[in-house]
């Protein structure tokens with residue numbers, strides 16, 4: 001969460017509009033020196049919570065366009081309210097993709113520094129592995145990812161049962177055929193990415209559809225962009241229901257992701273926005289997780305297994321973006337899972 005002093009500064013700028021550092025210093029009731037206030041303003045700029053207009057003595061501070069998207073939200077407090085009590089953005093918001101996310105970073109400088117340090121550690125580790133050792137470690141991660149990604153969607157296979165299924169094609173007792181197929185499809189999608197590392201570069205609607213097709217093969221799920229309305233349990237958020245608007249939103253998402261410099265931002269936005277758009281009748285979040293990992297793997301970054309994610313917390317984080325267009329909790333999950341993957345595999 002943002003500390004009290006910084007939150008007071010943000011609240012003052014949000015209420016006042018553009019203002020100088022002197023106006024902030026005189027208007028905010030916190031007992032700090034002017035030098036300390038300037039440092040707090042710099043910290044808030046580094047976190048992308050505020051930005052500036054003008055130069056030199058004419059510099060004015062304003063709330064960053066990204067603030068609403070990245071500001072920390074107390075999830076436990078948020079979900080104490082029932083669905084109909086929560087004040088939400090009920091409809092799909094094109095602006096959050098085309099304007100806010102297209103033109104602003106969702107990562108603070110210190111967050112990216114931490115991620116790049118972890119990536120450097122990952123590169124050092126894999127440089128010492130033989131090809132067979134690397135393949136063995138990736139297989140371990142692939143099993144974990146297939147299990148957790150399916151579990152988030154309600155699959156009841158245990159991790160051990162998943163390992164037996166993917167390694168030995170041994171079906172678990174008391175489980176449905178569809179559950180086994182879901183898991184096997186995850187492995188097929190990951191194998192496809194390994195065999196075709198450049199397939200999703202650059203990202204396009206057609207190759208997202210192809211990944212989705214692999215994930216839902218032999219399941220009773222329609223392929224291609226949906227033509228009908230879809231509802232999401234646990235929220236009043238309503239995704240787009242027009243096929244052409246859905247395709248447009250997905251195309252815009254691909255453009256935004258392809259234009260980003262940071263691989264981490266590309267991967268996080270794929271994880272979030274494919275789920276937000278809900279372009280398919282089913283399998284949207286599974287597709288988002290695989291595409292996000294494909295982006296990381298294309299650049300030889302450590303993929304994520306999501307193994308330690310609590311399924312309920314993941315869904316709450318996703319609903320927070322649906323309802324408030326706020327990415328803070330999903331970003332936290334993404335960063336934690338990247339750190340877990342670097343320290344656990346390879």
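The values are calculated or read from the model by the stated rules, or taken from the named source; none is laboratory data. Everything numeric here is computed off the predicted structure, so don't read it as measured data. In this analysis, Cβ positions are derived from the backbone assuming ideal geometry, glycine residues included, and neighbour counts consider all displayed protein chains.
Listing for the model above:
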read-out: Residue count, the range 78-97 (criterion: assigned to a helix (DSSP H, G or I) and either buried (at least 16 other Cβ atoms within 10 Å of the Cβ) or free of Cβ contacts under 8 Å to residues at least 12 places away in the same chain (or both)); value: 5
read-out: The range 234-249 - residue that is crowded, with 21+ Cβ neighbours inside 10 Å and part of a helix (DSSP H, G or I) and, of those, farthest from the chain's Cα centre (by Cα); value: 246
read-out: Scope the range 98-115; condition more than 25 Å from residue 240 (Cβ to Cβ) and in a helix (DSSP H, G or I); matching residues; value: 109, 110, 111, 112, 113, 114, 115
read-out: Residue list for the range 44-77, restricted to those being surrounded by 15 or more Cβ atoms within 10 Å (Cβ to Cβ), touching a helix residue (DSSP H, G or I) at 6+ places or on another chain (Cβ under 7 Å) and assigned to a helix (DSSP H, G or I); value: 44, 69, 70, 75
read-out: Only one of 157, 134 that is under 17 Å from residue 190 (Cβ atoms) and without any contact (Cβ under 8 Å) to a residue 40 or more places away in the chain; value: 157
read-out: Entirely in the range 284-346, the helices (runs of 4 or more DSSP H) that have 3 or more residues that are touching a residue at least 60 places away in the same chain (Cβ under 8 Å) and farther than 19 Å from residue 273 by Cα; value: 328-344
read-out: Test result for residue 166, in the same structural domain as residue 298 (by TED's automatic domain parsing), within 27 Å of residue 328 (Cα to Cα) and assigned to a helix (DSSP H, G or I); value: no
read-out: From the options 130, 113, 149, residue that is farther than 24 Å from residue 264 by Cβ and either out of contact with any helix residue (DSSP H, G or I) (no Cβ under 8 Å at 6 or more places or on another chain) or buried (at least 20 other Cβ atoms within 10 Å of the Cβ) (or both); value: 130
read-out: Single residue of 293, 252, 258 found to be out of contact with any helix residue (DSSP H, G or I) (no Cβ under 6 Å at 6 or more places or on another chain), surrounded by fewer than 23 Cβ atoms within 10 Å (Cβ to Cβ) and at pLDDT 95 or above; value: 258
read-out: Scan of the range 5-31 for residues that are in contact (Cβ under 8 Å) with a residue 24 or more places away in the chain and either under 30 Å from residue 76 (Cβ atoms) or under 27 Å from the mean Cα position of the chain (by Cα) (or both), ordered by number; value: 5, 6, 9, 10, 13, 14, 30
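Matching residues to (1) surrounded by 23 or more Cβ atoms within 10 Å (Cβ to Cβ); (2) within 18 Å of residue 74 (Cα to Cα); (3) within 12 Å of the chain's Cα centre (by Cα):
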| site | (1), (2), (3) |
| --- | --- |
| 298 | no, no, no |
| 305 | yes, no, no |
| 308 | no, no, no |
| 318 | yes, yes, yes |
| 324 | no, yes, no |
| 330 | no, yes, yes |
| 335 | no, yes, yes |
| 338 | yes, no, yes |
